[in-house]
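None of the figures in this text is laboratory data; all of them are computed from the coordinates on show. A quick note: this is a predicted structure, and the numbers were derived from the prediction, not measured. Neighbour counts are summed over all protein chains in view; Cβ atoms, including those assigned to glycine, are modelled from backbone coordinates with ideal geometry.
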Amino acid sequence: MRIVVVGGTGHIGTFLIPRLVRAEHEVLSISRGGRAAYTQVPEWQHVQHVIADREQEDAEGVFGDTVARLRPDVVVDLVCFTLESATALVERLRGEVGHLLHCGSLWRYGPSDRVPISEGEGTEPLGEYGIQKDRIARMLKEETSAGGVVTTSLHPGHIVGPGWAPIGPVGNLDPAVWRTLSAGRPLHIPGLGVDLMHHVHADDVAQAFEKAITHRDTAGGEDFNVTAPTAMTVRGFAHEAARWFGQEARLESMSWEQFRATTSQDHAQMSWEHLYRSHCLTIEKAGTLLGYAPAYEPESAVLESVRWLIEHDQLDVERPLVV
């Protein structure tokens with residue numbers, strides 16, 4: 001098939017596009033052109049690159065025309081963040097594309113009241129990002145059920161992989177957390193450390209998209225959670241990460257007020273955003289309908305990210321990895 005991937009050089013596209021090339025699809029990647037994929041493999045030589053600024057073209061009302069002119073059989077939209085943008089693309093592609101796939105987020109769900117969360121059973125989302133992702137997913141299901149474009153939305157957990165920093169054991173991107181754990185020093189954690197985070201390797205997300213394309217008949221009109229098989233608590237994550245450096249985690253619980261005083265406002269807010277939601281999703285539906293079978297547990301996915309950062313001098317730790 002002729003497949004257009006919007007946002008093809010990002011986290012998911014880095015792994016998805018080579019998969020599609022190996023499956024002998026004709027692949028076109030739309031991006032702003034400012035960055036190469038996170039990993040370079042020979043498959044990229046067979047990809048046609050199209051430069052387009054999604055945000056600017058959405059404002060001008062022409063992005064749908066840009067995609068339609070490429071005559072795709074399938075469109076994979078990895079960088080859509082508003083209902084308005086998603087609706088405009090659907091309306092332009094109606095009757096012209098066989099399958100439209102959208103990348104959502106586990107933040108379509110609000111704070112957990114029971115786990116694991118099945119598709120459509122979480123609490124109301126918090127924050128504009130999650131609200132928009134939920135609205136998009138609902139619109140896409142309605143579009144397909146009404147006989148319009150065949151759509152599928154996939155909702156990843158916290159995406160990790162080589163080339164970028166992972167959400168760490170206290171739910172933020174603070175590099176000091178990794179230095180603390182590598183040195184065996186006490187790590188401050190908010191609350192009791194039982195809050196959950198649900199990671200997923202970018203290549204497992206790519207696997208899910210590839211399978212949804214392959215199994216269009218069962219994926220059409222559906223939404224899918226896409227995560228690692230298990231989620232990690234703050235405590236479990238911290239203890240596992242410390243062992244990577246040959247250390248035992250020394251955790252000091254404190255109130256959220258105290259925790260905010262130990263770090264920057266941005267790091268504290270990011271921790272709150274992740275840990276307050278305390279997400280754990282089920283991937284049973286994706287496994288049953290798509291054959292989704294993630295290759296990575298969350299700790300192995302995060303370890304791959306951390307190893308890459310250390311090897312490329314982008315993360316300063318006090319002791320080397322021993323795994």
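Looking at region 85-185, what % of the alpha carbon pairs are farther apart than 24 Å?
Numbers: 2095 of 5050 pairs.
Of the Cα pairs, 41 percent sit more than 24 Å apart.
Helix-only estimate, please: 222 nm mean residue ellipticity of the chain, summing -39500 (n - 2.57) across DSSP H runs of length 4 or more and dividing by its residues, to the nearest 500. List each step's numbers first, then the result.
Values: 13 runs with 131 residues, N = 323.
Taking each H run of at least 4 residues, the total per residue is -12000 deg cm²/dmol.
³J(HN,Hα) across region 254-264 via Karplus (A = 6.51, B = -1.76, C = 1.60, θ = phi - 60°), whole Hz, x for Gly/Pro?
Rounded to whole hertz, the list is 8, 5, 4, 4, 5, 4, 4, 6, 9, 9, 6.
Taking the alpha-carbon centroid of each part, what is the distance from region 157-193 to region 1-80 in angstrom?
Result: 32 Å between the Cα centres.
At each listed q (0.06, 0.08, 0.09 Å⁻¹), what is the log10 of I(q)/I(0) that the Debye formula gives for the chain modelled as equal alpha-carbon point scatterers?
Those come out to -0.21, -0.37, -0.47, one per q.
Using only the alpha-carbon atoms of region 1-153 as identical scatterers, what base-10 log of I(q)/I(0) does the Debye formula give at q = 0.15, 0.20 Å⁻¹?
Once normalised to I(0) and log-transformed, intensities are -0.81, -1.26.
Long-range amide H contacts for Ser29: which residues qualify at under 5 Å (H placed 1.01 Å from N, peptide plane, sequence gap of 5 or more or a different chain)?
HN-HN under 5 Å from Ser29: Val5, Gln48, His49, Val50.
Which percent of Cα-Cα pairs in region 274-323 sits in each 5 Å bin, short to long?
For region 274-323, the binned pair fractions read 4, 15, 16, 16, 15, 15, 11, 6, 2, 0 percent.
Relative to the compact globular guide of 2.2 N^0.38 Å, what is the alpha carbon radius of gyration of region 166-302, as a ratio? Walk me through the intermediate numbers first.
Numbers: Rg = 17.0 Å, N = 137, 2.2 N^0.38 = 14.3 Å.
Output field value: 1.19.
Counting Lys and Arg as +1 and Asp and Glu as -1, each charge on the Cβ, what is the dipole of region 44-140 about the Cα centre in debye, to the nearest 20? Don't skip to the answer; put the middle values down first.
Details: 10 positive and 17 negative charges, 53 e Å.
Using only the charged Cβ atoms, the result is roughly 260 debye.
Please list the non-local residues whose amide H lies under 5 Å from the amide H of His188, H modeled 1.01 Å from N, same-chain partners needing a gap of 5 or more.
Residues meeting the amide H criterion: Glu252.
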